[in-house]
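Below is one structure; the comments refer to it alone.
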Amino acid sequence: MEQLKDIIRDIPDFPKKGILFKDITTLLADAASYQKMIDLLSHRYTGQRIDKVVGVEARGFIIGAALAYKLGAGVVLVRKPGKLPGETFSKSYDLEYGTDTLEIHIDSIKKGERILIADDLLATGGTASAVVDMVTDMGGDIVECCFMVELEFLNGRQRLPEGKTFSLLQF
């Protein structure tokens, strides 16, 4: 795991002064590291009968699609408003300073389907919590929320279902 963590670069003062941004693009660009990360994540869910993997815009698509392929599951996209062409279900949620909204196709999750939520990074948990609410409101059964990276000091997992959060790398 340390080898994977070492590939992720720090970008100081991005997107604003005082924030140390964990840039995962360096890991994604390294074929061996990207494959290892997906293999490690997918191994956790092998044999758990995942019906769909929900990828959260935008880097969650990169992880979610690869996991779905490895697990033989479908892929569902959660996007910003106005990006999905069909009828959508929307969820607004609070940010530190304001609100944001996410959308999902209303027909993308059926009642009782086993859902894995995938994203690149767990920070404060606001986005992931909104996605959990969307999936459960649509009748999906959350298997777990999985993340490539977790910023533990932000306590995001406290906003997610207890015992249903996994992160491969912690900072």
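Here, each number is a calculation from the coordinates, and none is a lab measurement. This is a predicted model, so every value here is computed, not measured. Note: ideal-geometry Cβ built from the backbone for every residue, glycine included; neighbour counts use all protein chains shown.
Restricting to segment 1-38, count the residues that are in contact (Cβ under 8 Å) with a residue 24 or more places away in the chain and loosely packed, with under 12 Cβ neighbours inside 10 Å.
The number of residues fulfilling the criteria is 2.
Between residues in segment 69-86 that are closer than 12 Å to T101 by Cα and residues that are charged (D, E, K, R) and loosely packed, with under 15 Cβ neighbours inside 10 Å, which pairs lie under 9 Å by C-beta distance while being six or more apart or on different chains?
K80/D100
In segment 127-153, what residues are surrounded by fewer than 15 Cβ atoms within 10 Å (Cβ to Cβ) and of a type outside the set (D, E)?
Just the residues of segment 127-153 that are surrounded by fewer than 15 Cβ atoms within 10 Å (Cβ to Cβ), to begin with: 133, 136-137, 139, 141, 152-153.
Residues satisfying the conditions are T136, G139, F153.
Might you check whether a residue that is at positive phi and either of a type in the set (D, E) or in contact with a helix residue (DSSP H, G or I) (Cβ under 8 Å, 6 or more places away or on another chain) (or both) occurs anywhere in segment 7-27?
yes
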